[in-house]
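The values are calculated or read from the model by the stated rules, or taken from the named source; none is laboratory data. In this text, all values refer to a predicted model and were calculated from it rather than measured experimentally. Cβ placement follows ideal geometry from the backbone for every residue including glycine, while neighbour counts extend to all protein chains displayed. For the accessible areas, the whole protein counts, side chains as well, though only heavy atoms, and no ligand, DNA or RNA atoms are used. Shrake-Rupley method; radii C 1.70, N 1.55, O 1.52, S 1.80 Å.
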Amino acid sequence: MRSNHFSKGALVAATTALVLLPAGAAYAGSGPATPPSNPQKLARSTAPSPEGNPASKLAQATGVCDDAVPIGERGLIKRGSQTIASVKQFYSKKCNENYGYVWVWESFRKTAAPYDITAGVYSYSDDSVHAAKAWKATKQQEFWTDGANTVEDCSSGVGSLRPAGSPQSYQAYSEKRC
């Protein structure tokens with residue numbers, strides 16, 4: 001009988017404790033965050049990256065709209081079994097343009113002599129490359145095209161890399177997007 005009396009006492013104590021807690025009690029981390037007294041806008045990185053950063057210094061100097069996002073799967077430029085660069089296509093809703101993007105992989109770049117690069121946006125609708133650009137004898141890693149008026153077309157980012165001393169270019173294209 002005694003254990004029954006103890007259980008009832010524990011139940012009464014627990015119920016009393018719950019009744020005493022206010023229904024609208026706030027606990028640490030349970031409510032909206034208090035805004036800081038000095039709100040600061042987070043700075044967006046301007047570093048180039050293999051994923052493509054439309055806020056990079058080179059992208060901005062080229063005129064890439066800062067809202068550009070990658071579309072479609074990237075293409076890989078390969079020399080034999082070695083991947084030497086990536087090719088992507090970006091889209092800006094704000095500017096209503098597509099951009100071609102080539103990123104030379106560090107594993108190739110650090111040992112390569114200067115190389116030639118081309119980049120553009122291929123339109124399947126008119127069978128031509130738009131916003132084509134070329135760089136000769138460069139060691140640069142990041143390459144952006146100007147904006148291409150191909151948003152209404154099926155398109156792909158296209159790019160090529162010709163290593164110094166090689167008679168041929170290696171090329172790739174990103175996934176076709178419509």
Task: Entries of Lys94/Lys139; Lys110/Lys136; Lys57/Lys94; Lys139/Lys176; Lys88/Lys139 with Cα pairs more than 25 Å apart - done: Lys94/Lys139; Lys139/Lys176
Open item on the list: Give me the net charge for the shell around Ala148: Cβ to Cβ below 12 angstrom, other residues only, Lys and Arg +1, Asp and Glu -1.
Closed with: -4
TODO: For His130, enumerate residues with amide H under 5 Å from its amide H, sequence gap 5+ or separate chain, H modeled in the peptide plane.
DONE: Val121, Tyr122, Ser123
- [ ] Report the label-to-label distance for Lys94 and Gln171 in nanometres (one decimal), using points 7 Å from each Cα along the Cα→Cβ vector.
- [x] 3.3 nm
Open item on the list: Once you order the gyration tensor axes a ≥ b ≥ c over the Cα atoms, which shape class does the stretch 40-178 get: rounded for a/c under 1.5, otherwise prolate or oblate by comparing a/b with b/c?
Closed with: oblate
Open item on the list: Give me a comma-separated list of calculated 3J(HN,Hα) values for the stretch 56-62, in order, Karplus coefficients 6.51, -1.76, 1.60 applied at θ = phi - 60°, integers in Hz, x for any Gly or Pro.
Closed with: 4, 4, 5, 4, 5, 5, 7
TODO: Provide the FRET efficiency to the nearest 0.05 for the Glu106-Ala132 pair, computing r from the beta carbons and using R0 = 35 Å.
DONE: 0.85
TODO: Determine which residues of the stretch 160-178 fall in the zone a paramagnetic label at Ser125 would reach in this model, i.e. backbone nitrogen under 12 Å from the point 7 Å along Cα→Cβ.
DONE: 178
Open item on the list: Give me the 1.4 Å probe accessible area per residue for the stretch 59-117, excluding ligands and nucleic acids, in Å².
Closed with: 45 Å²
Open item on the list: Within the stretch 132-175, what whole-number % of the accessible surface is contributed by carbon and sulfur, with the 1.4 Å probe and all protein chains included in the calculation?
Closed with: 45 percent
Task: Shape of the stretch 107-178, Cα gyration tensor, a/c cut at 1.5 - done: prolate
